[in-house]
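Here the structure is laid out as structure tokens; the discussion comes afterwards.
Coordinate-derived values only; no laboratory data. Since the structure is predicted, the reported quantities are computational estimates derived from the model, not experimental observations. Cβ sites come from the backbone with ideal geometry, for glycine too, and all protein chains shown count toward neighbours.
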Ligand code: LLP
């Protein structure tokens, strides 16, 4: 799955950088990202959408490092944000406000105000109540908010229940059946300007079929909305394309988009502007997390390999029982191969990174947790008062420190002692 990761003379490299050198220089745990891998992932979408009016809006939540946002901004990307905080990050990284879209079910008035003042491209409105509030806030500012309505198409993305979003029982979007009425209402509100329609059905989707189903349902709605005399320019099909963590075989971004555009053309919507909100598929397989083996604790039932990265640094295994491959930075260890549970120092049994992995390890060895570019650092915490790891971006033979290792005092900076 990792395009830029390879062994050379038994040492693991990301692009031109020997990862053990980076671990030495910056310490562990350490996140390392490949600029080339991110560019390759973006290029697949650009190929797939070639010749169309389109805007790729990177879903900031997947990895919101300023330098990563800056890289995407330089490639012409827009951004899908879900908070005022993400808006501030995108602007700090040089993102173009006109290419920002704002998703999320709980936008506050203050966030709406902030986004209108910045001049973002579109609000993806997720409820009828939000529509009314956004109208009011826009009128207070003497402006009109560009909107699309997020439809819940009620299709099964066939993914983990925690990351499936397009089913009736999910909190996201407006029910398919309510959509037309909601557009009619929006068209009456003077503080709103309808520009599109939106859906996002889930994450880590590994088949094309749910996307085609969602597109069909959205196009049915577009036809009905147009027939009601309401013009819509763009269709936003969200993000959600999966990556290979283990043995998944998701479609390539360009192949997926060829199939979707063929369907769009067949239904007479070939001229529409297309927006997409990919997150994981742009960064997931561009990043690794380096960690050092602290102790080996063989036991009767389980052998534990205790490493210096933990659930606070990399929460996906704990949260979703997610699989991340784990490989040595130096292949060809003389230690015996054994089955290990790779666990962190945090005081919870749920603090594991990998289970039942066959590895030859000794204390002091360095390991890489793969596919760690998306929803890993971004979901990290400082639980157990553990400082957030440093982050490095590799670009050819250059390695840039893009996040310093956090200082413990940073963690409690906002706390106050009693008088
Ligand atoms: N657009 C919207 C409205 C979203 O809610 C999301 C992700 C995306 C785009 C980007 O989806 P992607 O292309 O990354 O699949 N923490 C979970 C994933 C949560 C996804 C949330 N929404 C995980 O680690 O698997």
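Each Cα pair under 8 Å and six or more residues apart adds its sequence gap; the mean of these over the residue count of the range 125-272 is a relative contact order of 23 percent. Computed on the range 1-120, with alpha-carbon pairs under 8 angstrom and 6+ residues apart, the relative contact order is 17 percent.
Packing, taken as the mean count of other beta carbons within 10 Å per residue, orders the peptides 343-353, 140-150 from highest to lowest as 140-150, 343-353. Springs between Cα atoms under 10 Å define the GNM used for the chain, and in it the highest mean-square fluctuation of 373, 364, 78 occurs at 364. At what distance in angstrom do the alpha carbon centres of the range 360-416 and the range 223-277 lie from each other? Comparing the Cα centres of the range 360-416 and the range 223-277, I get a distance of 35 Å.
Sequence gap at least 6, Cα distance under 8 Å: using those rules, report the relative contact order of the chain to the nearest whole percent. Display every interim value, and only then the final one.
On the way: 936 pairs, mean separation 85.2, N = 419.
After rounding, I find 20 percent.
With the biggest extent put first, the Cα atoms of the range 104-276 measure 52, 33, 28 Å across the principal axes.
Each label was represented as a point 7 Å from its Cα along the Cα-to-Cβ direction; for residue 410 and residue 244 these points are 3.5 nm apart.
Hey, rough spin-label estimate for residue 212 and residue 383, points 7 angstrom out along Cα→Cβ, what's it come to in nanometres? About 4.1 nm separates the two model spin labels. For the chain, a Gaussian network of Cα nodes joined below 10 Å ranks 384, 285, 303 by mean-square fluctuation, and the top entry is 384.
Taking 17 Å as the cut-off, the amide N atoms of the range 296-312 that come nearer than this to a point 7 Å along the Cα-to-beta-carbon line of residue 339 belong to 297-305. Each DSSP beta bridge with both residues in the range 104-276 is either parallel or antiparallel, and the antiparallel ones are about 5%. Measuring max minus min along each principal axis, the C-alpha atoms of the range 253-380 give extents of 64, 32, 23 Å (largest first). For the peptides 36-42, 199-205, the ranking by packing is 199-205, 36-42, with the highest mean count of neighbouring Cβ atoms within 10 Å listed first.
The smallest convex shape that holds all Cα atoms of the chain, its convex hull, gives 156 Å³ per residue.
Kindly identify the range 342-411 as rounded, prolate or oblate by the Cα gyration tensor criterion: order the square roots of the eigenvalues as a ≥ b ≥ c, call it rounded if a/c is under 1.5, otherwise compare a/b with b/c, prolate if a/b is larger, else oblate. Walk me through the intermediate numbers first.
On the way: a/c = 1.85, a/b = 1.15, b/c = 1.61.
Oblate, since a/c reaches 1.5 and b/c is not below a/b.
When each of the peptides 3-11, 354-362 is scored by the mean number of other C-beta atoms lying within 10 Å of its residues, the order from highest to lowest reads 354-362, 3-11.
Could you identify which residue out of 341, 246, 308 has the top mean-square fluctuation in a GNM of the chain using Cα springs shorter than 10 Å? Its mean-square fluctuation being the largest, the pick is 246.
Among bridges DSSP assigns within the chain, what percent are antiparallel (round to 5)?
Working: 33 of 70 bridges.
Among the beta bridges of the chain, antiparallel pairing accounts for roughly 45 percent.
What order do you get for 305, 77 when you list them from fewest to most C-beta neighbours inside 10 Å? Write out the running numbers ahead of the final one.
Numbers: 305 26, 77 23.
Final ranking by Cβ density, sparse to dense: 77, 305.
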